Amino acid sequence: MARIEVTVDGVSYHDEVEPRLLLVHYLRERLGKVGTPIGCDTSNCGACTVHVDGVSVKSCTMLAVQADGTQITTIEGLAQNGQLHPVQQAFHDNHALQCGFCTPGMIMASVDLLQHNPSPSDEEIRHGLEGNLCRCTGYQNIVRAVRQAAEKSAEVTA
Amino acid sequence: MTEELDAGLIAEQVEEHPEAIDQPDATRHIGRPLKRKEDRRLITGRTRWTDNIQLPGLMHMAIVRSPVAHARINRVDVSAALDRPGVIAAFSAADLGDALGTLPCAWPVTADMVHPDHHPLATDEVRHVGEAVAVVVATDRYAAADATEAVEVDYEPLPAVTDMEEALKDEVLVHADKGTNKTYLWPFDGGDYDAARAQAEAEGGIVFKRRYIQQRLIPAAMEPRSVVVEPLTEGDEYTVYSATQIPHILRLMLALTCGIPEQQIRVIAPDVGGGFGSKLNVYAEEVIALVVARKLGRPVKWTESRSEGFQATIHGRDQIQDIEVAATRDGRILGLSVDLKADMGAYLQLVTPGIPVLGAFMFNAIYKMDAYRFRCTGVFTTKTPTDAYRGAGRPEATYAIERIMSDLAYELGIDPIELRRRNWIKHEEFPYTTIAGLTYDSGNYEAATARALELFGYDELRREQQERRDRNDPVQLGIGISTFTEMCGLAPSRVLGSLSYGAGGWEAASIRMLPSGKVEVVTGTTPHGQGHLTAWSQIAADALGVPFEDVNVIFGDTQSSPVGMDTYGSRSLVVGGVAVHLAARKVVDKARKVAAHLLEAAEGDVEFSGGTFSVKGSPDAKTTIQEVSLATFAAHNLPDGMEPTINADAVLDPENFSFPHGTHLCAVEVDTETGRPTIRTYVAVDDIGNVINPLIVEGQVHGGLAQGIAQALYEEAVYDADANLVTGTMVDYLVPSAADLPEFTTDRTETPSTTNPLGVKGVGEAGTIASTPAVVGAVVDAVHHLGVQEIRMPTTPERVWRAINNSGSDGGSRAAEGTIAYGGPQTSTTAGGAE
Amino acid sequence: MIPPEFDYLRPHSVDAAVTELGRAGEDAKVLAGGQSLLPLLRLRLAYPTVLVDLGGVGELRGVRRDGDELVIGSMTTHHEVMHDPLVAEHCPLLAQATSTVADPAVRHRGTFGGALSHADPAGDLPAVAAALEATFVIEGPNGRRSVPAAEFFSDYLETAVQPGEVLVEVRVPVLGPGWGSAYEKFNRVAQAWAVVGVAALVRTEGGSIAEARIGLTNMGPTPVRASACEQALAGVSTQNGGIGQATDLAADGTEPPSDLSAQADYRQHLARVLSRRAVQKAVAAT
C-alpha cells in the first residue's frame, strides 16, 4: 500500500491505496466522484479526462499513486459557485451532448484546448479533441460549442 | 439538372441550423429548437450510470470467457478461484444448473428456423471467442478480475468457421446437434421476377448483377454495458438496474428465463449512455447477475470492459448481398432480385434472425417496379452473435439499392440522378403501395433532391470532376448519391405478428395533472440520449397549454412507468410521442367536462386555447386547466357520476410504419497516390415530416451520419481464420473522432406524415441508413474512370490503392494472410495480395 | 481492464532509481509517463513485479543546450518537447513529429524517453531520433554510457537499455543553417499509430540537396534509415523532378510487416510516396 495526498475539486484527501489502483477508480469508487466515467480500456476514448495540475489527463491511464501531491479537477469541480464554466454553458447552448457519457471528458478536454489555444480554428478544435470519442453527436455541435466558448471568452477579455 | 427538378415543387424549405433557444413564446413549443432539460445534470457530472451505483454489501462479478472460438468444454474448475482473496463465490454452468435457463430469441422468422439453446454460461461447448464460461463473485472489482485468472477450463478445440459460404457447406457445424449451419431461408415475392428478367432480355434491356459485402460492425456505444441486481430484503423480489434500452421487455424476459414471477422483478434503466440497438437485448450477464444475486442474497454488479464488450456485446450488419436488377435500356426498372446471406454469429440473441427481414421490404426503396424477389439465408458461424445496430436491416438494404442504381447508371450511360428520377415515386402519387407491400403515406423526393443538388453545387462539382480527369490530377473527385427512404416508427402490431415477431409495436403514455397544476407524463419509451424529456414536454405543453417547465417526464423504471415497448427502430416519437399527444387530448376532453360544469355552460360551448377554457360569447367566463386540476383534486363540485380525475392514458398501436426519406450527396477527394479518400462535402436533405425540436433532429442526423460514414471509411470487425477477433480493442477498431469526420451541411423539407396526428416520421436511424452508400459511391466514382468498379467497405486507403492499381479488383481484404476481413473467398477477382 | 498487482517505488534521484531497479531484479519495470506501460498492464499483457516511478526524479526533466547539442531529459513530456523554445529553434522536426503522437491528454503525461525506450515500431519518435543521429545516455550500476541511435533500437520493443538501467537523456546534435525538416505520418484515423511515417532532414546548398537523412517509422521492427534514398538524394537539384527518382529507393532493403493496418507492399509504396513528400516539404523549409 502507498500513502497519497491529493486535492480533488478543491478538497484534500489523504489515503492509502494499492499501487495498481487506477486514478479513475480512486476518483469514482474511493471518493465517490462518479461524474468521471470509464469508456474504454486502451486510452482511446477520453471519457475519463480530468485535469491534473491544470492540464488534461486520461485518468484511466494514470495510477492514483502517480497523482500524489497533485491538484485534480473533475467535471464535478468545473462549475464555480453554481455558475457553469463557459464551456459547459456552450455545450448546453449548442446541443453538444445527447446521451452525455462522453461529455465530462469532452468538456475537460475542450477546457484544456482553449487554455492552450484561446482562438482555435475549427480544424484545431477537431484535432484538439481527437482523443475524445463520441458516438451520439457526430461532433459538429461539439465543435460549434467550443468555437462559441472561445468567442465568448475573447469578448470577455477584449 | 437542378433546374428540371426545381420546377413546380411545393416543399417547405427550412432554415439550415436552428439556433437553440431557452424559452419559446407563450403557447407554441412544438417546432422550436428548445435547449434540453436533460443537459444540466449531464454537463456537471451528476449522472446515474449503472456503474455508478453503490449499495451496502455490493458484490462484484467478473466473467471468465472463452479464448477460443469453438471447443468442447471438458472441465471447469473454479476451486482455485475460491481460494483467492476477496472471492465470495465462483460458478460454472454446472454449479447453477437450470436456474440460468436459456437466453430468449423473440423472433422465429420461419416455422422451421433452427433455434439452438443459448446458455448464459456455456455448458458443454463454446462457440465464439468471448462466450461466458464461468462467473467469479468478489468483494471488489479488482479481486474479481484477479480471480478470473485462477479459473481453470479444459478446452478441446474444434474447428472454427467464419465465412458464410464455407459455413453453408455444413462441413464444420457450429451446432452439431442441429446438423446444419443454415438457420433459415426467408423468402418474399412481389410480382414475378423471372418474368421481369425475361422481359428485359427479350426487349434488349439489361440484367445487371452486383455483389456487395456488408462488413461486420461493433456498435461501441460509449457507455460499456453494466448491470446491478439488488435483492429486496423480503421475499423473492429484485430490482435490476441495467444499461438497457428495453426495461419493459427485459423484465418480461428475465421473469420467463429465470422463473421469477414478473411482478417480483423491477427493472430500472438509469442513465444509459447510448445504445444504437446494442442495448436492445437480453444478455447472459443480466441473467447471470440475477441468478447470482438470488442465490447469494446480496446485490451484485457487473460492468464490461471495452475489449470484453467487443466480444460479448452484439455485433451489427455482416451480410453478403447478391443483387440483380432487370431494366430497360432507358433505365426503367422492371424487377429486382435480392439474395442475402446473413451472419447470425454463433447464437440467436433477442432479434438476431429478424434484422435482415426488417430490411426485406426496403430494397425496392423509393422506386417503382412490378417485380421484387427477396431471399435471405441466415447462417451460423463461430463468431459473436449479430443483432440490431442503428438501422437494423435498412442500412443494408439502402446500401445495396443505392449502390446498384449508381452502378446501373454507369452501365447504361445515364446520369445517376436522372436514373433515379425515372424510377422514383412521384410526389403526386402518394400514398403509394410498393411491390414489397408497404404503403408509403407521403413523400416528396423531387423537393429533397432539388434542395440537395442546390446546396451541394452538383453541376459545378461535376465540372470540376471532369477537369481533374482531363488533366490527370493526382487528386480525383467523386460524387456519391443516396436517395433513401426507410421504414420506422416500429410498428403496427399486426404486421409484427404476421412476421412472427414475438412482441407488439404499440406505445403507452399516461398523463397526470397534479393538484398544483403541474404535469407528469409517464412514457413507455426509454431514451438514452434522444431527448424525450424535452420533446415530450414540448408535446404535452402544447396539447395541455401549460408551461414547458411545468412538465416532468417519467421513464425507464418499470415501477413508475409500468407499460411500454421501449426505444429502438426510430419509434419513440412516432408511436410514443404521439401517444403522449393523444393522452393529452383525452385529458383536455375530461377537463372540458369539468370546466363546463364549473362555468355552468354546455360542453359544446366551451373552447380551449392556450391552457384556458372559455365560453363562447362570454368573455369573462373562463378557467385554466390548472384550476380545473385543483378543482378535480378537491372534487367538491364535479359533474354527477364523473370519476374525480382528469388523468388519462393512451396506448397507440400505429396504423402504419412511417417513411422518412431524403437525398444525401457526398463529394470525396481521392489521393490516387496513397489511395486515401477524404470527404470534402456532405449534404443531407432529410424529410422527416413535422418536427418537434429541430435541435434534437439535427443532432440525430449528425450522429447518424457519423456512424454511416464510419462504416464506409473506417470500421470493420475483423476475424482471423481461427475466428479470433483481431480488432479486439479501440486501438484497432476505428471509431472516428472529430478530426476524422467532415462538417455536415444539413437541411430539411417537411412533408407531414398522414398516419399520425402530429405528422411526424422519426429520424433516429435515417442518417446512418442514408450515408454509407453516398460515401462509398463517391469513392468509387472518384476512380471509376481508372477502371474501378467496386471497392469493398471500409474503403481504406489501401483498398482504394489496390483497386486503382489492379483493375477489376475491389481492393480485397485489408488483413494479412491468415486473417480474413470477410471470411474466405471474397469477390471473384481479388485475394488481397499484390497481383 | 484491471492491472495485475505490483510493488511500487518512487525514488528521487537517478542513482536511487538505478539502485532500486538493481535490487528489484529482472521483472521490474521503469514507469515514466505510463502512456505505453499502463495500457499494457490494463490488458494484462505484462506482469512486472515492481514499478520504479521516475516521476519524482526532477533532474530527468527539461531541455537545455550543451555546446552543439540539445539535451532532452528522458522524463520531459511530449507536451513540453512540443512547446519548448530550444526545440522550436534548433530541432523543429522533433516538435513537429511529437505533435502527431496520440492526443493532447496523452502528450501531457507521455514522455520523450518513455516513448523511445518503449520502442514500438509504429511509434513516431524512434525514426526521428534515428534521422537526427541522436545519442542516448544511459545510467546503470556501472555508471553512464552513450549509445548512438543507430545502435539503440535493437529489436521489436527492445532497446540498448538493460534491466537495471535508466535512460537519462537524449542528446540531439544542433544542425546548423541550411537544414530543413518534415515529418509525414500516414494513419487511418487521427489518433492512430502510423501505418508508415517518414522523418526527413535535408541540407541544401545552392539549388541542390547536399545531404539528406530519412528515418522510416513502421517499416520494420526498428526504425530504418532509407540509406539508398539518402545517397541518391545527395546532389539532386531541388527544382526538377529528381527528388522523386531518389525517393523511389526509399523502401529498398526494408522488410515491413503485413498486419491489420497494411500489407507489406503497400507499406513500401507509402514509404516511397511519403519520402518524396517529406523531402519536398523539408526542402521548402530550408
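A few points about this structure:
- For the stretch B:598-641, filtering for residues that are open to solvent by less than 40 Å² (accessible area, probe 1.4 Å), more than 20 Å from B:Val551 (Cβ to Cβ) and part of a loop (DSSP other than H, G, I, E, B) leaves 3.
- Applying the condition of being polar (S, T, N, Q) and out of contact with any helix residue (DSSP H, G or I) (no Cβ under 8 Å at 6 or more places or on another chain) to the stretch C:148-169 and asking which residue is least open to solvent (accessible area, probe 1.4 Å) yields C:Ser154.
- Pair list, Cβ < 7 Å and 6+ apart or interchain, from the stretch C:180-201 residues that are more than 10 Å from chain B (Cβ to nearest Cβ) to residues that are assigned to a loop (DSSP other than H, G, I, E, B) and of a type in the set (S, T, N, Q): C:Gly180/C:Thr286; C:Tyr183/C:Thr100; C:Lys185/C:Thr100; C:Ala194/C:Asn187; C:Ala194/C:Asn218; C:Gly197/C:Asn218
- The stretch A:20-132 holds helices (runs of 4 or more DSSP H) entirely within its bounds, and those carrying 1 or more residues that are of a type in the set (A, V, I, L, M) and under 22 Å from B:Ser305 (Cβ atoms) map to A:103-116.
- Exactly one residue out of B:Ala710, B:Ala721, B:Ala717 is of a type in the set (A, V, I, L, M) and at pLDDT below 95: that is B:Ala721.
- Per the conditions (1) open to solvent by less than 10 Å² (accessible area, probe 1.4 Å); (2) within 30 Å of B:Lys590 (Cβ to Cβ); (3) in a strand (DSSP E or B), the sole criterion not satisfied by B:Ile646 is (3).
- Top-ranked residue of the stretch B:421-444 - restricted to ones that are open to solvent by 10 Å² or more (accessible area, probe 1.4 Å) and in a helix (DSSP H, G or I), ranked as nearest to B:Val495 (Cα to Cα): B:Glu429
- Test: residue in the stretch B:69-79 that is modelled with pLDDT under 95 and of a type in the set (Gly, Ala, Ser): no
- Matching residues in the stretch B:740-777 - criterion: being hydrophobic (A, V, I, L, M, F, W, C) and out of contact with any Phe, Trp or Tyr (no Cβ under 9 Å at 6 or more places or on another chain): B:Leu758, B:Val760, B:Val763
- When C:Gly215, C:Gly253, C:Gly220 are checked against the criterion of being out of contact with any Cys (no Cβ under 9 Å at 6 or more places or on another chain), touching a residue at least 24 places away in the same chain (Cβ under 8 Å) and open to solvent by 50 Å² or more (accessible area, probe 1.4 Å), a single residue qualifies: C:Gly253.
- For the stretch C:1-14, taking the residues that are surrounded by fewer than 16 Cβ atoms within 10 Å (Cβ to Cβ) and either assigned to a strand (DSSP E or B) or touching a residue at least 12 places away in the same chain (Cβ under 8 Å) (or both), the one that is farthest from the other protein chains (Cβ to nearest Cβ) is identified as C:Ser13.
- Filter pass, A:Ala150 being more than 12 Å from chain C (Cβ to nearest Cβ) and farther than 27 Å from A:Val34 by Cα: yes
- Verdict on C:Glu139 being in a helix (DSSP H, G or I) and more than 26 Å from C:Val196 (Cβ to Cβ): no
- Condition check for B:Ile73: part of a strand (DSSP E or B) and either more than 31 Å from the chain's Cα centre (by Cα) or charged (D, E, K, R) (or both): yes
- Test: B:Asp95 is at pLDDT 95 or above and within 30 Å of A:Arg30 (Cα to Cα): no
- Restricted to the stretch A:96-125, and to residues there that are surrounded by fewer than 23 Cβ atoms within 10 Å (Cβ to Cβ) and farther than 18 Å from C:His79 by Cα, the residue that is farthest from the other protein chains (Cβ to nearest Cβ) is A:Ser119.
- Of note, B:His636 does not satisfy the criterion of being over 19 Å from B:His581 (Cβ atoms), assigned by TED's automatic domain parsing to the domain that holds B:Thr745 and not hydroxyl-bearing (Ser, Thr, Tyr).
- Taken over the stretch A:1-23, the residue count meeting the criterion of being away from chain C (no Cβ under 11 Å) and within 16 Å of the chain's Cα centre (by Cα) is 4.
- Cross-chain or 6+ apart pairs with Cβ under 7 Å, the stretch B:507-526 first and open to solvent by 10 Å² or more (accessible area, probe 1.4 Å) and of a type in the set (Asp, Glu), then at pLDDT 95 or above and in a strand (DSSP E or B): B:Glu520/B:Arg512; B:Glu520/B:Asn552; B:Glu520/B:Ile554
- Tally of residues being assigned to a strand (DSSP E or B) and either among the small types (Gly, Ala, Ser) or more than 10 Å from every other protein chain (Cβ to nearest Cβ) (or both) across the stretch C:18-74: 13
- Among the residues making up the stretch B:754-778, those that are over 20 Å from the mean Cα position of the chain (by Cα) and either within 23 Å of B:Ile481 (Cβ to Cβ) or open to solvent by 10 Å² or more (accessible area, probe 1.4 Å) (or both) are B:Thr754, B:Thr755, B:Asn756, B:Pro757, B:Leu758, B:Val776, B:Gly777, B:Ala778.
- B:Asp740 being farther than 13 Å from B:Gly662 by Cβ, open to solvent by 10 Å² or more (accessible area, probe 1.4 Å) and more than 9 Å from chain A (Cβ to nearest Cβ): no
- Subset of the stretch B:369-425 [among the hydroxyl-bearing types (Ser, Thr, Tyr) and under 26 Å from the mean Cα position of the chain (by Cα)]: B:Tyr372, B:Thr377, B:Thr381, B:Thr382, B:Thr384, B:Thr386, B:Tyr389, B:Thr398, B:Tyr399, B:Ser406
- Verdict on A:Gly69 being surrounded by fewer than 18 Cβ atoms within 10 Å (Cβ to Cβ) and within 12 Å of the chain's Cα centre (by Cα): no
- Enumeration of residues in the stretch A:38-63 that are within 12 Å of chain B (Cβ to nearest Cβ) and over 10 Å from the mean Cα position of the chain (by Cα): A:Ile38, A:Gly39, A:Cys40, A:Asp41, A:Thr42, A:Ser43, A:Asn44, A:Cys45, A:Cys60
- Evaluation of A:Ile72 against (1) over 14 Å from B:Thr44 (Cβ atoms); (2) within 8 Å of another protein chain (Cβ to nearest Cβ) (one fails), failing number: (2)
The values are calculated or read from the model by the stated rules, or taken from the named source; none is laboratory data. On a predicted model such as this, the values are computed, not experimentally measured, just so you know. When we count neighbours, we look across all protein chains shown, and the Cβ atoms used for this are built from the backbone with ideal geometry, even at glycine. These area figures cover heavy atoms from the full protein model, side chains too; ligands, DNA and RNA do not enter into them. Shrake-Rupley method; radii C 1.70, N 1.55, O 1.52, S 1.80 Å.
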